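Let me begin by presenting the structure, written as structure tokens, before commenting on it.
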Amino acid sequence: MSIEIKIREIAPARIQTAVLAFPVTDKGLEGSPAKRLDRQLKGKLAALVKKSSFAAKRGSSLLLATHGAMPAGHVLLVGLGKQDEAGPHAWRTAGAVTAREAGRIWADDAVFMLPPDQQTGAVVEAVAEGALLSAYRFNKYRSKDPPPGRLRTLTVGRTAAGRNAALTRAVRRARVSVSAICLARDLVNEPASTATASYLAEQAASHCRGEGLKVEVWGKRKIQQMKLAGLLAVNQGSREEPRFLHIRYKPKTKPRRKVALIGKGITFDSGGLSLKPPRSMETMKLDMAGGAAVIAVMSALPELAPDVEVLGLVPATDNLPDGGAQKPGDVIRYLNGKTVEVMNTDAEGRLILADALVLAAREKPDCMINLATLTGACIVALGNELAGLFCNHGELAEELEACGRDAGEGLWRLPLAAEYREDIKSPVADIKNVGGGSAGAITAALFLQEFVDDVPWAHLDIAGPAFAAKDRVTCPKGGTGFGVRTLLNFLSGTGE
Ligand code: BES
Ligand code: MN
Ligand code: ZN
């Protein structure tokens, strides 16, 4: 069920609603429209807050019943955290907390009051995004629908009259990015026996429609013709044919820049002959999260219409160990002439990304960005909250970091340290697909770098944040859609 979002001018003391929410920073009620209400209530609100443990931390909230003191049934104070740190993600979280808390008391409708100095498109977009994201569930395989009673309408309240056009556009943008994020989540959450390479291709074709967008799906024959040797090698052990998705967006006017996005599309990673132990395989349907993010981002472009040309590439296959499977010691020869000795068939992501990076680099884009659930080592280094960012270009890295910050998707830069380059040397081929046992996230990135030529390039290792082990306000356990918001920010020029 989707929440309807409205924008209205609202007088808090008179509005009839189940939940009247006020964002509050560490500075307390000062500067919040709740202050005025408190005066009208003769300081009762402030007294209740003082008695409680509410400290306006980000993600926290305090729900107070009004018992007839005003037409609104409840007042909800929503913590934004520190005032000087209250960026888009604080607002996104506040929107999500409001929707969740209202849902908890079976409220149909809620009002979220904007402070007078925050009635901007950016804030409205973030609040709407948070509220909409909080409603995401993957329920298609549950036999009983979970109980209804979630919020139906969220009204974003402004204290003064004004033009709503920019704010209405902001709500529309929020809807577009949320559908993209939810598409990425759905694709990741879908079990691997359904979400095969051809399923990803069908989903891409059905979601990537609209002005300027074109999807080409390459089957096995075309993949052979194009000599995508890495994808073919990984696919050898599978019964499912591989697919290579080639999605292009062209804006109506002359593009400001040309960007290539590349996503790892391993629909299930058993490790291949270098088989993973059972526990490590449990969540390996997540291994196409990078590809899912790329498909999702592409699907949003016709509506967001950035003045950027975007090429989205997703090599897709599962990684399984049947009799035809590639074997440790096999050698792959890539399109750019490089040869790779496959020492470990579980380091398969880099093998299929290499093909795509070579193809993308040939188009001479202004930059290319790949997303991949690439290494367990990156999870060891950065945990589940942050993605590793490897980049051969300082400005591109900074731009992505800024986009990630606004998106609430933390990117932490790790080095493309030349010191470890010799760890991927092979005795029989140019390089091998594993490093020396330590610095695994770095050696994987150094491997990819062999295929990017001199194009400005960023690699996001999203192995940690692609899949949530615990529920959060904006996302339940499972696929998170990590990277979609960062890339949408990047394409709309937020980080420049
Ligand atoms: N898909 C995995 C990485 C991964 C692990 C993602 C855990 C999400 C959670 C990748 O293909 C892989 O198996 N990497 C190996 C590389 C090693 C063999 C060099 C790893 O990290 O162990
Ligand atoms: Mn693997
Ligand atoms: Zn993998």
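The values are calculated or read from the model by the stated rules, or taken from the named source; none is laboratory data. Just so it is clear, the structure is predicted and the values come from calculations on it, not from any experiment. Note: ideal-geometry Cβ built from the backbone for every residue, glycine included; neighbour counts use all protein chains shown.
Some notes on this structure:
- Hey, residue 289 buried (at least 19 other Cβ atoms within 10 Å of the Cβ) and out of contact with any Ser or Thr (no Cβ under 7 Å at 6 or more places or on another chain) or not: no
- Tally, over region 75-101, of residues that are within 23 Å of the chain's Cα centre (by Cα) and charged (D, E, K, R): 3
- If you go through region 324-348 and keep only what is crowded, with 24+ Cβ neighbours inside 10 Å, touching a Lys or Arg at 6+ places or on another chain (Cβ under 8 Å) and assigned to a loop (DSSP other than H, G, I, E, B), you end up with 342, 345.
- Region 346-360 residues that are touching a residue at least 60 places away in the same chain (Cβ under 8 Å) and of a type in the set (Lys, Arg), paired with ones that are within 12 Å of ligand 2 (Cβ to nearest atom) and part of a helix (DSSP H, G or I) (beta carbon under 8 Å, 6 or more apart): 350/444
- Residue in region 167-190 that is free of Cβ contacts under 8 Å to residues at least 60 places away in the same chain and more than 22 Å from the chain's Cα centre (by Cα) present: no
- For region 463-491, filtering for residues that are among the polar types (S, T, N, Q) and within 21 Å of residue 267 (Cα to Cα) leaves 1.
- Filter result for residue 285 (of a type in the set (Lys, Arg), within 16 Å of ligand 1 (Cβ to nearest atom) and not in a helix (DSSP H, G or I)): no
- Residue under evaluation residue 318, criteria (1) within 16 Å of ligand 3 (Cβ to nearest atom); (2) closer than 18 Å to residue 183 by Cα; (3) assigned to a strand (DSSP E or B), criterion not met: (2)
- Residues that are within 18 Å of residue 445 (Cα to Cα) and either hydrophobic (A, V, I, L, M, F, W, C) or under 12 Å from the mean Cα position of the chain (by Cα) (or both) within region 379-409 comprise 379, 380, 381, 382, 386, 387, 389, 390, 391, 396, 397, 400, listed in sequence order.
- Flag set for residue 372, criterion: within 15 Å of ligand 3 (Cβ to nearest atom) and at pLDDT 95 or above.
- Residues satisfying the stated conditions in region 286-333, i.e. touching a Pro at 6+ places or on another chain (Cβ under 7 Å) and free of Cβ contacts under 8 Å to residues at least 60 places away in the same chain: 307
- Residues satisfying the stated conditions in region 235-276, i.e. out of contact with any helix residue (DSSP H, G or I) (no Cβ under 7 Å at 6 or more places or on another chain), in a loop (DSSP other than H, G, I, E, B) and away from ligand 2 (no atom under 12 Å from the Cβ): 236, 237, 238, 239, 250, 251, 252, 253, 254, 255, 256
- Criterion violated by residue 72 - all others in (1) at pLDDT 95 or above; (2) within 34 Å of the chain's Cα centre (by Cα); (3) not basic (Lys, Arg) satisfied: (2)
- Going through (1) touching a residue at least 40 places away in the same chain (Cβ under 8 Å); (2) assigned to a loop (DSSP other than H, G, I, E, B); (3) surrounded by 18 or more Cβ atoms within 10 Å (Cβ to Cβ) one by one, residue 56 falls short only on (1).
- Residue in region 417-424 that is touching a residue at least 60 places away in the same chain (Cβ under 8 Å) and within 22 Å of residue 346 (Cα to Cα) present: no
- Within region 139-188, restricting attention to residues that are closer than 19 Å to residue 99 by Cα and of a type in the set (Lys, Arg), the residue that is surrounded by the fewest Cβ atoms within 10 Å (Cβ to Cβ) is 172.
- Listed by first and then second residue, the pairs with beta-carbon distance under 9 Å, at least 6 apart or on different chains, first residue in region 258-270 and more than 18 Å from residue 186 (Cβ to Cβ), second part of a strand (DSSP E or B) and near ligand 3 (Cβ under 9 Å from one of its atoms), are 262/372; 269/319; 270/319.
- Some residue of region 133-150 being on the phi < 0 side of the Ramachandran plot, among the polar types (S, T, N, Q) and in contact with a helix residue (DSSP H, G or I) (Cβ under 6 Å, 6 or more places away or on another chain): yes
- Residue ID - farthest from the chain's Cα centre (by Cα), chosen from residues in region 252-301 that are within 15 Å of ligand 3 (Cβ to nearest atom) and of a type in the set (Ser, Thr, Tyr): 274
- When region 349-370 is filtered for residues that are more than 16 Å from ligand 2 (Cβ to nearest atom), charged (D, E, K, R) and assigned to a helix (DSSP H, G or I), the ones remaining, listed by number, are 355, 362.
- Residue match in region 349-362 (condition: over 19 Å from residue 264 (Cβ atoms) and not aromatic (Phe, Trp, Tyr)): yes
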